[in-house]
Amino acid sequence: MWDFDTECSEVLRRTPTIKSFRFSIRAKNVRFRAGQFFYMDILVAGEKARHHFSFSNSPAERGYLEFTKRITASAYSQALDALKPGDWAHLSGPEGEFTLSRKWKKLAFLSGGIGITPLRSMMRYSLDKGLDYDIVLLYGNSSYEEIAFREELEAMERATPRLRVVHVLIAPPPGWRGKVGRIDSALMAEVIPDYRERLFYISGPPRMVMSLEDQLLALGLPQEQVKRDSFIGYE
Ligand SMILES: Cc1cc2nc3c(=O)[nH]c(=O)nc-3n(C[C@H](O)[C@H](O)[C@H](O)COP(=O)(O)OP(=O)(O)OC[C@H]3O[C@@H](n4cnc5c(N)ncnc54)[C@H](O)[C@@H]3O)c2cc1C
């Protein structure tokens, strides 16, 4: 475990509502596994406030720790939105078992919106380290503009035949050739026909995670073949 005071080093806008925040590493032996999460304190109206965040960077992207958050109207989000390079934060971690499997090589990632963060970390890590995972990502979003890491996901897909990304949009732009609507069992079976051979990872708001898990179980997948990461705090 590590635990240190630090400062924000960089803020990146990912979509109209999503930002990534990077922090300097101010301790020795700061390790984590792709897919894990950590705790972060910042000052909200002068008081320390703590939330959990998945790392959105990969352990192979060195020199900083990053998380990515949807900015909401909450006081915490608003304080985060105002965070700028040089501002204080306290980080501690890592925690979590939502990480790349040692046993399974064929994986399926299901996500909506901000739930992409631990999955992006795992995909980036697998690609950069040349690991032999075969990954299909089914990623649902409200609109094209709200697809976080869109260009990077496209670049990763071009870089290896072992990574496939299928976008699903609720309100697609004119001329959209991808999938439309919400992720459900019919779509899962259509775009991941070998779903029985894959270990599933579901990540996002709790209600979405529960619903997608129910749909997977309805397809006859055993519970042991489903890993979950619920972003408590979102409805
Ligand atoms: C393992 C894990 C990983 C996460 N990773 C991410 C991530 O990568 N990106 C991201 O945007 N969000 C992530 N979250 C959610 C994040 O911690 C915040 O809860 C969320 O961003 C909502 O914050 P807010 O500022 O919008 O709302 P807030 O008003 O701060 O929170 C909304 C409501 O949820 C409650 N709440 C917040 N956190 C918790 C909690 N941990 N347990 C119980 N109740 C809580 C608050 O008390 C409040 O009532 C993660 C959560 C968990 C548990």
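The values are calculated or read from the model by the stated rules, or taken from the named source; none is laboratory data. Values in this document were obtained by computation on a predicted structure and should not be read as measured data. Every residue, glycine among them, receives a Cβ derived from its backbone with ideal geometry; neighbour counts consider all protein chains shown. Areas reflect the complete protein model, heavy atoms only, side chains present, ligands, DNA and RNA absent. Shrake-Rupley method; radii C 1.70, N 1.55, O 1.52, S 1.80 Å.
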Exercise. Taking Cα centroids, how far is region 179-235 from region 116-168 in Å?
Worked result: 16
Problem set entry | Candidates LEU119, LEU217, LEU137, ranked by Gaussian network fluctuation over the chain, Cα under 10 Å, top entry | LEU217
Exercise. Which whole-Hz ³J(HN,Hα) couplings does region 187-204 yield from phi under the Karplus relation 6.51 cos²θ - 1.76 cosθ + 1.60, θ = phi - 60°, glycine and proline marked x?
Worked result: 5, 4, 5, 6, 8, 10, x, 8, 4, 5, 8, 10, 8, 9, 10, 10, 9, x
For this session: Would you list which aspartates and glutamates come within 12 Å of LYS19, measuring only between C-alpha atoms, while excluding same-chain residues fewer than 8 positions from it?
Result: GLU10, GLU66, ASP81, GLU146
Exercise. Cα-Cα over 30 Å: which of LYS69/LYS106; LYS69/LYS227; LYS48/LYS106; LYS84/LYS106; LYS28/LYS106?
Worked result: LYS48/LYS106; LYS84/LYS106; LYS28/LYS106
Exercise. Which is the longest part of the chain that has none of the trypsin sites (Lys or Arg not before Pro) sitting in a DSSP loop with at most 15 other Cβ atoms within 10 Å?
Worked result: 183-235
Exercise. How large, in percent, is the carbon and sulfur part of the accessible surface of the chain at a probe radius of 1.4 Å?
Worked result: 50
Seminar exercise, completed: Eigenvalues of the alpha-carbon gyration tensor of the chain, times 5 and square-rooted, give semi-axes in Å, largest first, of 29, 20, 17
Exercise. With every protein chain left in place, what is the accessible area per residue of the chain in square angstrom, probe 1.4 Å?
Worked result: 48
Seminar exercise, completed: Per GNM of the chain with C-alpha springs under 10 angstrom, the most fluctuating residue out of GLY96, GLY204, GLY46 is GLY46
